[in-house]
1. Suppose we keep only residues that are open to solvent by less than 60 Å² (accessible area, probe 1.4 Å) and hydrophobic (A, V, I, L, M, F, W, C) within the stretch 264-289. Which one would you say is farthest from residue 320 (Cα to Cα)?
2. For residue 234, work out the one condition from (1) modelled with pLDDT of 95 or more; (2) among the hydrophobic types (A, V, I, L, M, F, W, C); (3) in a helix (DSSP H, G or I) it doesn't fulfil.
3. Restricting attention to the stretch 163-186, which residues are away from the ligand (no atom under 13 Å from the Cβ), open to solvent by less than 20 Å² (accessible area, probe 1.4 Å) and touching a Leu at 6+ places or on another chain (Cβ under 6 Å)?
4. Cβ-Cβ distance below 6 Å, separation of 6 or more or different chains: which pairs start in the stretch 340-359 with a residue that is free of Cβ contacts under 8 Å to residues at least 24 places away in the same chain and over 9 Å from residue 77 (Cβ atoms) and end on one that is open to solvent by 60 Å² or more (accessible area, probe 1.4 Å) and away from the ligand (no atom under 13 Å from the Cβ)?
5. Consider the stretch 328-367. How many of its residues are farther than 23 Å from residue 278 by Cβ and open to solvent by 60 Å² or more (accessible area, probe 1.4 Å)?
6. If you scan the stretch 204-225, which residues turn out to be over 14 Å from residue 22 (Cα atoms) and open to solvent by less than 20 Å² (accessible area, probe 1.4 Å)?
7. Residue by residue through the stretch 106-162, note down the ones that are in a strand (DSSP E or B), open to solvent by less than 40 Å² (accessible area, probe 1.4 Å) and near the ligand (Cβ under 9 Å from one of its atoms).
8. If residue 39 satisfies all but one of (1) free of Cβ contacts under 8 Å to residues at least 60 places away in the same chain; (2) crowded, with 18+ Cβ neighbours inside 10 Å; (3) not basic (Lys, Arg), what's the number of the condition it fails?
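The values are calculated or read from the model by the stated rules, or taken from the named source; none is laboratory data. Keep in mind that what you see is a predicted model, and the values were worked out from it rather than measured. Here the Cβ is made from the backbone with ideal geometry for all residues, glycine too, and neighbour counts use every protein chain on show. Areas reflect the complete protein model, heavy atoms only, side chains present, ligands, DNA and RNA absent. Shrake-Rupley method; radii C 1.70, N 1.55, O 1.52, S 1.80 Å.
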Amino acid sequence: MTDPRTEINPLAESFARRAEKYDRTASFPGENFDDLFAAGLHAPTVPASYGGLGLGPYQGDAHGLWMITTKFAAADLSFARCWEGHANSLLMIDVLGTREQKDSWFEGVVRHGERWVAWSGEPQTGEPGDRRRFGTSVEQTADGWIVNGSKAFATSATGADWAVLLVNVDGPGGARGSQTGVLMLACDLADPSVSTDPSWWDPIGMRATVSHVVRFDQTYIPDSHRIGLPGDYLRLGLQSAFVPHYAASFLGAAEAAYAYAIEYVHQQNKATDPYVQHRIGSMAVAVETGHLLLRHVADLWDRGVSTAAKLAATRARHMMEHLALDTVDHCVRSCGARCLVRPSPVERILRDLTFYVRHDNDDHILATIGRAALDQPYDSSFHKP
Ligand SMILES: Cc1cc2nc3c(=O)[nH]c(=O)nc-3n(C[C@H](O)[C@H](O)[C@H](O)COP(=O)(O)OP(=O)(O)OC[C@H]3O[C@@H](n4cnc5c(N)ncnc54)[C@H](O)[C@@H]3O)c2cc1C
C-alpha cells in the first residue's frame, strides 16, 4: 500500500487553487477534507492501530504532523486552522479517551470521514458598543451534563460533525477560565439544541475558518462523552502541545510569501537589486530558522513530554509569529503594491496571518518566557500573566 503522505504535495496544490474562493465566500473548505479522506490523510493523530497515520507530539512523531500542517498552511492558512482543530481533537481522544470512545470515534473518522474540532472560545471581556456576551454554564445530571450559552471563534462551525467542548464547571470562560474546572465533552453537532449564528464572524482574515458563534440551548451530553476528568486538559498540558502547532501554520504562511517573492522578483528582473537581495535574504533566513526551531521542539517532544519541550514550544510560538510577519512584510516591500491586489495570494496571506497571530497575546507569551528564565511561576498553556 502506498504511503498516503505521497499525496500531500498534489493535494496542497488543489487547496491553494481553492483558497481564494473559500476566502471570498467565507465558507468552510469542505472539498479539502473530502480529498484528505479519499487520500487516507484524514486521521493524522489517530494511532496506526486504529487505521490512522499515528503522528503528533503524543505518538513520537511531532515533526511529521507539523510539517504536513506547514505544507497546508502555505496553501491556505484558514484551511490549516481547520486541519489543526481536527488533528488536535483526535489527539485529545487518543491521550484521554476510553477504549469505547476510541473504538467509536476513531471508526467514525477513519471509515466515515467525520470531522472534529475543539471549542473553548469564551472571551469574557466585552467590546465597546456590543452588548453580546459569550460564555457557557454546565450542569451535571444523573447520567450526563447540560450545556447552555454560547461560544465564539468556533472554527469549522459549519463543517465539523463533532466538537470537543472545553467548558468549565466553575463558570464561563472555557479553558481560559478556572484551572481546575476545565471539562472536555464530545458534542454531536447534529444535535438540534446546537445552533450556529453566522452574524458575528466578519473578520479581516481567516474567513474560511467559519469561526462563528455557536449556541447551546439545554444541550444534553451523556457522561459517556466526557473525555478525561475535570482539570485534565491543563493538568496534562494538552494546550502546550498545540502551541507549536500554531507556529507550524505561521511557518507555512512565511514559506508561501517567500516562494511568491522569489517568483515575482525574477518575473520583474529585480534579482540584481541590492535592497531586494537583502529582503530575500532575510526571508530565506527566517524560513530556515522556523524549520530549525520546529525540528528542535519536535525532537524534545519526541523524547518525552517534558517541561523543556513545553518551554521550547512557547519560545518557538513567539519567534515564529515575528519571523512570519517579517517575512510577509519583506515580501510586500520586495514586490510592491500589486502583490496586494487580488487574486494575488499575498493579499490573503497578509490578512490571514495578521488575524491568526492574535490567537494568543505575544506580550504575554514573551513575559512567560522571561518568567521561566527567572525561575518565576509561569503558565505554558495560555501564558496568563
Ligand atoms: C482565527 C482564529 C481561530 C480560532 N479558533 C478557535 C478554536 O477553534 N477553538 C477555540 O477554542 N478558540 C479559537 N480561537 C479563539 C482563541 O483561542 C482566543 O480565545 C481568542 O483569540 C481571544 O480573542 P480576544 O483576543 O478578542 O479575546 P480576549 O480574551 O478578550 O483578549 C483580548 C486581549 O486582551 C488580553 N487580555 C485578556 N485578559 C487580560 C487581562 N486580564 N489583562 C491584560 N490583558 C488581557 C488578551 O491577551 C488579548 O490580547 C480562535 C481565534 C482565532 C483568531
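1. Checked the stretch 264-289; the qualifying residue farthest from residue 320 (Cα to Cα) is 271.
2. (1)
3. Result: 185, single match.
4. That search, which allows pairs on different chains as well, returns 347/340.
5. Looking only at that region, the number is 9.
6. Listed by number, the residues that qualify are 212, 213, 214, 216, 219, 221.
7. Scanning the stretch 106-162 gives 117, 118, 119, 151, 152, 154.
8. (2)
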